[in-house]
1. In degrees from 0 to 90, rounded to the nearest 10, what is the angle of the helix 212-225 Cα long axis to the longest principal axis of the chain?
2. Angle between the Cα long axis of helix 44-66 and the longest principal axis of the chain, 0 to 90 degrees, nearest 10?
3. Which listed residue (Leu153, Ser210, Ser14) has the Cα farthest towards the positive end of the charge dipole for the chain, taking +1 on Lys and Arg C-beta and -1 on Asp and Glu C-beta about the Cα centre?
4. Please give the direction-averaged projected area of the C-alpha convex hull for the range 155-214, in square nanometres with one decimal.
5. Roughly how big is the range 121-202's charge dipole about its Cα centre, with Cβ charges of +1 (Lys, Arg) and -1 (Asp, Glu), in debye to the nearest 20?
6. Counting only heavy atoms of the protein chains, get the accessible area per residue of the chain (1.4 Å probe) and round it to a whole Å² value.
7. Mind telling me which of Cys260, Cys27, Cys80 comes out most flexible in a GNM of the chain, alpha-carbon contacts under 10 Å?
8. Please report the orientation-averaged projected area of the range 1-72, defined via the convex hull of its C-alpha atoms, in nm².
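The values are calculated or read from the model by the stated rules, or taken from the named source; none is laboratory data. Keep in mind that this is a model prediction, so the values were computed, not measured. Cβ coordinates were reconstructed from backbone atoms using ideal geometry, including for glycine residues, and neighbour counts include every protein chain displayed. Only protein heavy atoms, including side chains, enter the accessible area calculation; ligands, DNA and RNA are left aside. Shrake-Rupley method; radii C 1.70, N 1.55, O 1.52, S 1.80 Å.
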Amino acid sequence: MIVLGIESSCDDTSAAVVKDGRRVLSCVVTGQDSFHEKFGGVVPEIASRRHISVIDRIVLKAVFDSRVRMNGIEGVAVTCGPGLIGAVLVGLNYAKGLAYSLGVPFVGINHVEAHLYAARLEENTPTPPFVGLVVSGGHTNLYHVESMDKIQLLGRTVDDAAGECFDKVGKLLGLDYPAGRQIDILAAKGNAKAVDFPRPMIRSNDLNFSFSGLKTAVKNYLADLGRAPVGDELNDIAASFSAAVADVLVAKLLDAAGRCGVKRIVAAGGVAANGFLRKRVASEAAKSGLELFVPGLEFCTDNAAMIAAAGNAALEKGESSPWALNAYASLTKGA
Ligand code: KG4
Ligand code: ZN
């Protein structure tokens, strides 16, 4: 089955054509960083307007790149939440209009759960049951995936998401928004043992997370320093901070795998592109005899290929959404 995926839940507009939920024939992503940078975060109204101005071009390019004719598209999958409501609405309404005009079904997809499908776009795919961690700018969720139809939320952040923490710490360090990738680059040159930042809730005996205290710890460290860190000092802070985030995420992911009695784990979402996290989770999974699945870098951050893959699973079973489907800022299941 050939599915067109559309994603517009935050500040990336993306469209992708995926065959049988596995083979990415095309995936086009365009960001809006330069439009939000000066505000230090995503401005919802600007995000919606940018989506509106580019979505047509992005979808047409994805279809063109896939070498599939428009009438070869057999279903349309689109993020219906969670996300910025105005932004989600742009993709959702575009998808409805396109699916209606092509005479094919459309299906609304939970963006956060779709991040787990990104791991299924790789050569070696995770077969349920597995435990999945989705770490992004808006979410830090742990799931028990008994089957792709039975996804249970095990834990989540009680305050900031991990990616949000990267972005806020980046701002403290004088970096542009979004700062995750820049911190990652600095951290690769730094000493992770230089500063002993806290590992919030690592021993909380549940599967929830908290990152706002870690951000405050960095803030206090910088206040004590009394000046902007530069050179190796900056690299060391970036590395020590990244190690603290990675330690907590990996500890909880492994704990969840033990509690659920699964042998396979998945780490997905924008923060799963992080070098420290990828290394740490790989070494700890190996030590614990767990099989690890991590999407390729391009499918960690927001993309429509994962939406198409998730949509394929539903559409293949004959499931689709009603034309009246709404956009949701949060979705109880996995929000
Ligand atoms: O999944 P995503 O693209 O969008 C959301 O659904 O939120 O994740 C974006 C988040 C941002 O907070 C960004 O700073 C973070 O992922 N991020 C990273 C890296 N690349 C992106 N964080 C740490 N290291 C990275 N390499
Ligand atoms: Zn996302």
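1. 40 degrees
2. That helix lies at roughly 60 degrees to the long axis.
3. So the residue we want is Leu153.
4. Details: hull surface 18.0 nm².
With the hull built on Cα positions only, its mean projection is 4.5 nm².
5. So the magnitude is around 300 debye.
6. Details: 14200 Å² over 335 residues.
Accessible area per residue, the chain: 42 Å².
7. Greatest mean-square fluctuation among the candidates belongs to Cys260.
8. 4.9 nm²
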